[in-house]
Amino acid sequence: MRILFLDQSGKPGGAELCLIDIAKPYGDRALVGLFADGPFKDLLKQNHIPVEVLATQAIQVRKESSLVQGLKSLGQLAPLITKVVKKAREYDLIYANTQKALVVGALASFFSSRPLVYHLHDILSKEHFSQTNLRIAVNLANRFASLVIANSQASQTAFVQAGGRRNIIEVVYNGFDPKTYQTDESDINKLQQQLELEGKFVVGHFSRLAPWKGQHILIDALAKCPQEVTAILVGDALFGEQDYVQQLHQQVAELGLENRVKFLGFRSDIPQLIAACDLIAHTSTSPEPFGRVIVEAMLCGKPVVAAKAGGAIELVKHGLNGFLVTPGKPQELAQVIITCLQETEITATIANNARIIASERFDIAIINQQITQLLSHITSA
Ligand code: UDP
C-alpha cells in the first residue's frame, strides 16, 4: 500500500511525532507532504521517511479563524491542492494528519479519486476551535473520509458530539517503541550534573509552552512545596505564545523561584530528561486529546501526575499506574508532589506498574498493525 501523508506543520508537535511512527514502516511507499518547512522535515529525513514541502507560503487560517478568514485563504490553497491532486494519483490513499491537511486532503481525494483517512489528534470542541473550523472539520470528514482515526475515546466522543458520523471513526492510541525509553544510567547522571539537579526532587514538565498546557499551574504548585522540590520545563512556544512565556518568567520571579525552575526550551533527548526526573507532571487546563508525555513517563518507569480530563483519564488510573488531579488546582498538585517525595516505596510500585502496563498497551508494533488493518479494509473496499 502506498500512502500520501499530509501534515500542515513544519514543527514537531505530538501529532507530528505520532506520524513519524506510523509512516516509518512504509519506507519508500510513503511520502509525507508538508505545508510548511521547518525542523519536522529534518526529523522525517533522519528517520528515512520521504518528505516534500508542498507549500512555500504558510497557510494563514488558525484554529480560531472565522469563515471570512477561511474563505480568504482558499485562493492561497488552490496551487497546493493542484499539487496534492497530482501527487495523490501516485498513491493508494491520502492520510490527513491535521485539520488543514484534512481540508486539502478532502479536495484532493475528490479530484484524484483516492480514499481519505483523517487522523484526529484534537478534541473538536469550542474550547479549542472556532465554530466555523469545527463545522468545516466535521463536514469534510463526514463527506470525504472513509475512516477517521481518533487518538482517544475523548477525541472520538467530541467528534460525534460535534455531528461527526459514528460509523467512520475508530479509536487507535499513539504507539511507542519501549526500547527508545530504556536509558543508560551514566548518561542520566551526566545530564543531572550538567543541569545541576543532583540531590533535588525534580518534577519534569514536557510540553510546548502554551496557556492551556498549564505550566503556570506547576509553578504555583512548586511554591507550595518544600525547597528541595525543583522543576524543569521542557518545550518551546511552537505556535507564537510569546506572551505566555514572558508571563511564566514573571511568575517565577514574583514567587522567588528562580533557583527552582529551569526553562530548557525544545529538546530531542526526551527519554533521558524524563529519566533525570523524579516525577512527571501533566497540567493541561483543558481536556488533553491524548497526552503523549504521560505514556512516555510511564515507559521510562517514572511516576506521573496528570490533569483529570480528556484522554488522560483513559491513560491513568489513580493509585494504580499514576496520579490524577483536578485541572487548574495547584494545591492538589502540590499535595501529590509532596506524597511522591515522602512515600517513595508506594510511588515506585505505581511507576513500575505503569511501565509494565504501558509497554504492552501502547506497543508501536501492535498499534501499527491495527492501523495497517484499518487501512487495508479501505483500499480493498
Ligand atoms: N516534546 C519534545 N520536545 C520538547 C517537548 C515535548 O519532543 O521539548 C514531545 C513530547 O515528548 C511528546 C510531544 O512532544 O511526545 C508532545 O505531545 P503531547 O501529546 O504531550 O502534546 P501535543 O504537542 O500533541 O499537544
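If you take the residues in the stretch 275-294 that are hydrophobic (A, V, I, L, M, F, W, C) and touching a strand residue (DSSP E or B) at 6+ places or on another chain (Cβ under 6 Å), which one is farthest from His128 (Cα to Cα)?
Filtering the stretch 275-294 down to residues hydrophobic (A, V, I, L, M, F, W, C) leaves 275-277, 279-281, 290, 293-294.
Subset that is touching a strand residue (DSSP E or B) at 6+ places or on another chain (Cβ under 6 Å): 277, 279-281, 293-294.
Details: Cys277: 30, Leu279: 28, Ile280: 24, Ala281: 22, Val293: 20, Ile294: 21 Å.
Result: Cys277.
Residue by residue through the stretch 32-72, note down the ones that are at pLDDT 65 or above, outside any loop (DSSP other than H, G, I, E, B) and closer than 16 Å to Ala101 by Cα. Val32, Gly33, Leu34, Phe40, Lys41, Val51, Glu52, Val53, listed by residue number. Here the strands (runs of 3 or more DSSP E) wholly within the stretch 104-215 that include at least 1 residues being free of Cβ contacts under 8 Å to residues at least 24 places away in the same chain and at negative phi are 169-171.
For the stretch 325-381, name all the residues that are among the small types (Gly, Ala, Ser) and under 21 Å from Ser152 (Cβ atoms).
Of all residues in the stretch 325-381, those among the small types (Gly, Ala, Ser) come to 328, 334, 348, 351, 354, 358-359, 365, 376, 380-381.
Result: Gly328, Ala354, Ala358, Ser359, Ala365.
The residues listed here are Arg89, Arg135, Arg114; of these, the one that is buried (at least 19 other Cβ atoms within 10 Å of the Cβ), over 18 Å from the mean Cα position of the chain (by Cα) and of a type in the set (D, E, K, R) is Arg114.
Taking Gln247, is it without any contact (Cβ under 8 Å) to a residue 12 or more places away in the chain, under 26 Å from the mean Cα position of the chain (by Cα), over 25 Å from Ala351 (Cβ atoms) and more than 14 Å from the ligand (Cβ to nearest atom)? Talk me through it step by step, then tell me what you get.
On the way: without any contact (Cβ under 8 Å) to a residue 12 or more places away in the chain: no; under 26 Å from the mean Cα position of the chain (by Cα): yes; over 25 Å from Ala351 (Cβ atoms): yes; more than 14 Å from the ligand (Cβ to nearest atom): yes.
So Gln247 does not fit the description; no.
The values are calculated or read from the model by the stated rules, or taken from the named source; none is laboratory data. Just so you know, these numbers come straight off a predicted model, no measurement behind them. Heads up, the Cβs are rebuilt from the backbone with ideal geometry, glycines too, and the neighbour counts pull from every protein chain shown.
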